[in-house]
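**Student:** My structure is below; once you've seen it, I'll send some questions.
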Number of protein chains: 2
Amino acid sequence: MKYPSRVKIVDVAPRDGLQNEKAPVPAEVKIGLVHRLQDAGLKEIEVTSFVSPKWVPQMADAAEVMAGIERRPGARYSVLTPNMKGFEAALACRPDEIVVFGAASEAFSHRNINCSIAESIERFAPVVSAAREHGIHVRGAISVAVGCPYEGEVSPANVELVARLMKGIGVQHVGVADTIGVGTPLKVQRALEAALKHYDLDDVSGHFHDTYGQALGNTLAALQMGVWQYDTSCAGLGGCPYAKGATGNVATEDVVYMLHGMGIATGIDLDKLVDAGKYISDFLRRPPNSRAATALLNKRQG
Amino acid sequence: MKYPSRVKIVDVAPRDGLQNEKAPVPAEVKIGLVHRLQDAGLKEIEVTSFVSPKWVPQMADAAEVMAGIERRPGARYSVLTPNMKGFEAALACRPDEIVVFGAASEAFSHRNINCSIAESIERFAPVVSAAREHGIHVRGAISVAVGCPYEGEVSPANVELVARLMKGIGVQHVGVADTIGVGTPLKVQRALEAALKHYDLDDVSGHFHDTYGQALGNTLAALQMGVWQYDTSCAGLGGCPYAKGATGNVATEDVVYMLHGMGIATGIDLDKLVDAGKYISDFLRRPPNSRAATALLNKRQG
């Protein structure tokens, strides 16, 4: 079994993790989280989302957060831009990468954005073009890539369709996202294989939710295919607004614990990562949603 | 990748799971749990432990629990017997299997039972002989097989030593137990390989704790070696009295969810298993420590 010798983690806690928090998190706390993630060695952070504050009030401070970050050399700061208005607002903040998204389920696409998969991707075409013209890297998130809350299992053919359409409009990298966490190792491998029909191994990442406790098994299965880039969320922050009970991006701490235990380098200092998770968890007044963080914090208390 | 087509789960919740609960759990509740596990399709259940009630008061009702179970044909009921006195008490209850144990760490063995690994196994020799004479199957648990709270990483050579010594006294099957949950996939595979030097694949099982969130990745790694028998605990009940912060056998629900998602048969009805976990969790007045159970219970509530 050949594993990658190095894995790149994109921490999505500041955006995907905090997006659905009901109580407002001040910009300075979000900035504090980004800084602590940087201190822990994270080189790519999904910082915020340039969306309508009517839809996602938690992200209304996107520009303030981006402006407040002390950027580190070699680090990459990504933001979500669902449309041209969002992109234009984002542009002033000089993101290194933008993220666009498309669901791999027709039912999900129709229920949530009232159009087909193909139409949803087409809408991003001008955003992607504009980003590429400005030299900004474009990542596409393929959501509900394994299962959908409305139609159940999602066929790998749908993932391939989204990957093909994203490739067509110039998206440079795709993340295969098990948004509701129902995936298991073989299904996740099939979804990744579908994306790999249109993207190189270096341009595909895994984004797994731990709703059913499956994310680390799925990560292991993806590693065995050579996939070496993963989105994870410090302290396991986050969930999915569309899927009841779908709480929890996989915790960065749990993934890093596994990788380091396997001798796979991440460049991340696990102790400092636990600090970052404790910082935001303390602010939110709840324990980190990470088993590794919980165990390591217990150990610190002696 | 070749996976087993079928997996046998030994649910250890009634014994390993409840053993360290401080508040007494009445025998009828333990019996109720065993019955619900049977209803869910479990064919092997670790029921209780014949130990001194001074040491483990929660298991003082061992004989009552064993006597109260309505046994199902084809099911196997196992009990822990740490010494001849325990074995003799167990014998009257007609267990199908007894479990003996040995630590793979000298430090752990000395700190907890004040003798070397070799001495600890030798003490079980008369128990194993007696059991075999009575036609009772003997399973050996190799504890702290990957990591030890006192000496850190445990060498596979130690696991091999315990396996060899257990083989020598007539133990028929060994379980490789990551008692404190620090294992990651490659380390777990090396520990299993060490046991497989002395036991056939059909006589080795995995027993993983989810303390650091690693148990499902470890299970996947073990499946890839052909290991098809696992100890798990309904509702994730249990922990380790010797290791601070070491909470949580892996939840049967999470393992079954993964296996079924991979098309691997278990004979278990996941919905009924969730019922069993809810039954004991309701009694203990806390939610099941299982992500799959939590997600499935959320879904039921619509």
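**Student:** Are there any pairs, at least 6 apart or on different chains, whose C-beta atoms fall under 9 Å, with the first in the range B:57-81 and on the phi > 0 side of the Ramachandran plot and the second modelled with pLDDT of 95 or more, and if so, which?
**Tutor:** Listed by first residue and then by second, the contacts come to B:GLY74/B:LYS43.
**Student:** Still on this structure: Return a yes/no flag: does the range A:1-8 have any residue that is in a strand (DSSP E or B), farther than 22 Å from A:ALA92 by Cβ and either of a type outside the set (A, V, I, L, M) or at pLDDT 95 or above (or both).
**Tutor:** yes
**Student:** What are the residues in the range A:120-142 that are more than 17 Å from A:SER78 (Cα to Cα) and outside any helix (DSSP H, G or I), if any?
**Tutor:** A:ARG123
**Student:** Is it fair to say A:ARG164 is within 24 Å of A:MET59 (Cβ to Cβ) and of a type in the set (D, E, K, R)?
**Tutor:** no
**Student:** Related question: Considering the range A:238-270 alone, what residues qualify as being within 9 Å of chain B (Cβ to nearest Cβ), modelled with pLDDT under 95 and on the phi > 0 side of the Ramachandran plot?
**Tutor:** A:GLY245, A:GLY248
**Student:** Restricting attention to the range B:77-108, which residues are of a type in the set (Phe, Trp, Tyr) and open to solvent by 20 Å² or more (accessible area, probe 1.4 Å)?
**Tutor:** Within the range B:77-108, B:PHE101 is the sole residue that qualifies.
**Student:** Right, next: Just to check your reading of the model, which residue among B:GLU160, B:GLU151 is under 30 Å from A:THR252 (Cβ atoms), surrounded by fewer than 24 Cβ atoms within 10 Å (Cβ to Cβ) and either hydrophobic (A, V, I, L, M, F, W, C) or over 18 Å from the mean Cα position of the chain (by Cα) (or both)?
**Tutor:** Step by step, each of B:GLU160, B:GLU151 is checked, and only B:GLU151 is under 30 Å from A:THR252 (Cβ atoms), surrounded by fewer than 24 Cβ atoms within 10 Å (Cβ to Cβ) and either hydrophobic (A, V, I, L, M, F, W, C) or over 18 Å from the mean Cα position of the chain (by Cα) (or both).
**Student:** Sticking with this structure for a sec: Could you list all residues from the range B:21-40 that are touching a helix residue (DSSP H, G or I) at 6+ places or on another chain (Cβ under 7 Å) and assigned to a loop (DSSP other than H, G, I, E, B)?
**Tutor:** B:GLU21, B:PRO24, B:VAL25, B:ALA40
**Student:** What number of residues within the range B:292-302 are in a helix (DSSP H, G or I) and either open to solvent by 10 Å² or more (accessible area, probe 1.4 Å) or more than 11 Å from every other protein chain (Cβ to nearest Cβ) (or both)?
**Tutor:** Qualifying residue count, the range B:292-302: 6.
**Student:** Go through B:GLY41, B:GLY74, B:GLY32 for me and flag whichever is touching an Asp or Glu at 6+ places or on another chain (Cβ under 8 Å) and either surrounded by fewer than 19 Cβ atoms within 10 Å (Cβ to Cβ) or acidic (Asp, Glu) (or both).
**Tutor:** Exactly one of B:GLY41, B:GLY74, B:GLY32 is touching an Asp or Glu at 6+ places or on another chain (Cβ under 8 Å) and either surrounded by fewer than 19 Cβ atoms within 10 Å (Cβ to Cβ) or acidic (Asp, Glu) (or both), namely B:GLY41.
**Student:** A further question on this structure: Identify all residues within the range B:7-29 that are surrounded by fewer than 24 Cβ atoms within 10 Å (Cβ to Cβ), closer than 13 Å to B:THR48 by Cα and in contact with a strand residue (DSSP E or B) (Cβ under 6 Å, 6 or more places away or on another chain); write none if there are none.
**Tutor:** Within the range B:7-29, just B:ASN20 meets the criteria.
**Student:** Please give the number of the condition B:ASN289 fails out of (1) within 13 Å of another protein chain (Cβ to nearest Cβ); (2) open to solvent by less than 10 Å² (accessible area, probe 1.4 Å); (3) polar (S, T, N, Q); (4) outside any helix (DSSP H, G or I).
**Tutor:** (2)
**Student:** Could you count how many residues in the range A:248-286 are basic (Lys, Arg) and outside any helix (DSSP H, G or I)?
**Tutor:** Residues in the range A:248-286 being basic (Lys, Arg) and outside any helix (DSSP H, G or I): 2 in total.
**Student:** Still on this structure, I have one more. What residue, of B:ARG15, B:ARG71, is in a helix (DSSP H, G or I), over 16 Å from B:SER281 (Cβ atoms) and not acidic (Asp, Glu)?
**Tutor:** B:ARG15
**Student:** While we're on this one: Within the range B:194-228, track down each residue that is more than 13 Å from chain A (Cβ to nearest Cβ) and either in a helix (DSSP H, G or I) or open to solvent by less than 10 Å² (accessible area, probe 1.4 Å) (or both).
**Tutor:** B:ALA194, B:ALA195, B:LEU196, B:TYR199, B:LEU201, B:ASP202, B:ASP203, B:VAL204, B:SER205, B:GLY206, B:VAL227
**Student:** Return the residue satisfying two criteria in turn: it lies in the range A:173-193 and is polar (S, T, N, Q) and either surrounded by 24 or more Cβ atoms within 10 Å (Cβ to Cβ) or more than 13 Å from chain B (Cβ to nearest Cβ) (or both), and of such residues it is farthest from B:ASP210 (Cα to Cα).
**Tutor:** Among those that are polar (S, T, N, Q) and either surrounded by 24 or more Cβ atoms within 10 Å (Cβ to Cβ) or more than 13 Å from chain B (Cβ to nearest Cβ) (or both), it is A:THR179.
**Student:** Would it be correct to say that B:ARG111 is out of contact with any helix residue (DSSP H, G or I) (no Cβ under 7 Å at 6 or more places or on another chain) and either within 22 Å of B:GLU44 (Cα to Cα) or buried (at least 19 other Cβ atoms within 10 Å of the Cβ) (or both)?
**Tutor:** Spelling it out, it is not the case that B:ARG111 is out of contact with any helix residue (DSSP H, G or I) (no Cβ under 7 Å at 6 or more places or on another chain) and either within 22 Å of B:GLU44 (Cα to Cα) or buried (at least 19 other Cβ atoms within 10 Å of the Cβ) (or both).
**Student:** Moving on. Return yes or no: is B:GLY170 open to solvent by 10 Å² or more (accessible area, probe 1.4 Å) and more than 30 Å from A:ASN289 (Cα to Cα)?
**Tutor:** Spelling it out, B:GLY170 is indeed open to solvent by 10 Å² or more (accessible area, probe 1.4 Å) and more than 30 Å from A:ASN289 (Cα to Cα).
**Student:** Also, I was wondering about something else. Are there any pairs, at least 6 apart or on different chains, whose C-beta atoms fall under 7 Å, with the first in the range A:167-195 and more than 11 Å from B:MET262 (Cα to Cα) and the second assigned to a loop (DSSP other than H, G, I, E, B) and of a type in the set (D, E, K, R), and if so, which?
**Tutor:** The qualifying pairs are A:GLY181/A:ASP210.
**Student:** Can I ask one more? Select from the range A:169-180 the residues that are at pLDDT 95 or above and not in a helix (DSSP H, G or I) and list them in ascending order.
**Tutor:** Passing the criteria: A:GLY170, A:VAL171, A:GLN172, A:HIS173, A:VAL174, A:GLY175, A:VAL176, A:ALA177, A:ASP178.
The values are calculated or read from the model by the stated rules, or taken from the named source; none is laboratory data. What you are looking at is a predicted structure, and each value in this text was computed from that prediction instead of being measured. Glycine gets a Cβ as well: all are built from the backbone with ideal geometry, and neighbour counts include every protein chain shown. These accessible areas exclude ligands, DNA and RNA; they are computed on the full protein's heavy atoms, side chains included. Shrake-Rupley method; radii C 1.70, N 1.55, O 1.52, S 1.80 Å.
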